[in-house]
Amino acid sequence: MKMKEFCEHLVLVTNPSRVFGIGSDKTAIKKNYLAIVRKIHPDIVESDEKIVASEATAHLNKLYKSACEQIDKGTYGEEIENISHKSTSSYTQENENFENEEPIFKLNIKGKIVKIYNQIFEGKICDVYVGLLDDKKVFLKAGKIEESDELLQNEYQILSRVKHRSLPSVLEMIKINCNLALLENECVGQPLSEILKKLNHGISQNHVMWILERLLEVTGFLHSNMIVHGNIKPETIILDTKNHNASLVGLYFGCDKSVGVENYKVKNKIYSAPEISKLEEVNPRSDIFSIGKIAISLLNGNEISKVCPSSTNRELANFIEKMAKQDSCSRPYDAFKLWDELREVRTKIVGNKRFEEFVI
């Protein structure tokens, strides 16, 4: 997203949590605010962008002031659907099992002991381990090839700059066996790819809608911070079915345009947008395509023709299919606008009764 386009989008945002992320930590919100100011302030942009930059900066200041006021009142982020049903993090039960296990290795990070218990993923770029830090579940993403250092450094820089409830929170970057490794907080839930293996006939449209809402919200947040995920697929989506949340992981292939990244880093065969193969400039529409195609897959639609099943509500089907159009210029680019549109569609279909238990 170019500077002018970013500013024009920013002045349309009314909910500060869409710009600064979900949470009530004023320090984190101020950090996100300052990061955006440093990109769009009229003193640092080209002369032909100063007017739109001035308007965007003034609007950003209003959003920041509003965010601080809402935090003081305890209403920050309330526009987002309340899904705070009673729950416990998934590590609670597993911690009891860990108590009877010996860690496979320990790490001393700034005087704190991290106990690593199991390897949960083996990949070409890195291996992922689960462990405990201060009785809380953490994940260690350990690089294993020379190229992994650059990718993990990229993820570290992105996650250090932006904070959101649907993104991992990076704790430390360390060296293990001469390769970089990241220690990250848990994103509660299961990979969507694993859930799909258990549901042979797809997912009902009611559940697909809340999954889409969460993905569009966090993707819009990334895009508003000039970051394109670039590799959204079921394996990089963590679904918390109890609390109806969806998180995005795997940001080592992310494209941070604020630091001049203009080229995609990877292409997955099924869910990447067609333009990625053509080496086109990084564009938010590529993430929109991936989300649309995943939604079609969740509904058990036709992935080749990118058409939803005939049983899908027609308005919802039209909404999803336009996200997965082959031509990037025919696709919407604003995830936040799509988020708004989807909420209206969802209300028409299910009314105000939003929460429905997701049974696997």
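The values are calculated or read from the model by the stated rules, or taken from the named source; none is laboratory data. Every value quoted in this text rests on a predicted model; they were computed, and no experiment measured them. Please note: Cβ atoms are built from the backbone with ideal geometry, for glycine as well, and neighbour counts cover all protein chains shown.
Some observations on this one:
- The set of residues in region 174-189 that are closer than 10 Å to Tyr156 by Cα and surrounded by fewer than 20 Cβ atoms within 10 Å (Cβ to Cβ) is empty.
Per-residue answers, yes or no, for (1) closer than 25 Å to Lys137 by Cβ; (2) at pLDDT 95 or above; (3) in a loop (DSSP other than H, G, I, E, B):
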site	(1), (2), (3)
Ser193	yes, no, no
His201	no, no, yes
Leu215	yes, yes, no
Glu235	yes, no, no
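- Pairs are defined by a Cβ separation below 8 Å, a sequence spacing of at least 6 or placement on different chains, a first member in region 102-128 that is closer than 25 Å to Phe253 by Cβ, and a second member that is surrounded by 13 or more Cβ atoms within 10 Å (Cβ to Cβ) and of a type in the set (Asp, Glu); the pairs so defined are Gln119/Asp127; Phe121/Asp127.
- Where helices (runs of 4 or more DSSP H) sit wholly within region 244-360, those with at least 1 residues that are of a type in the set (Val, Ile, Thr), touching a residue at least 12 places away in the same chain (Cβ under 8 Å) and surrounded by fewer than 21 Cβ atoms within 10 Å (Cβ to Cβ) occupy 335-350.
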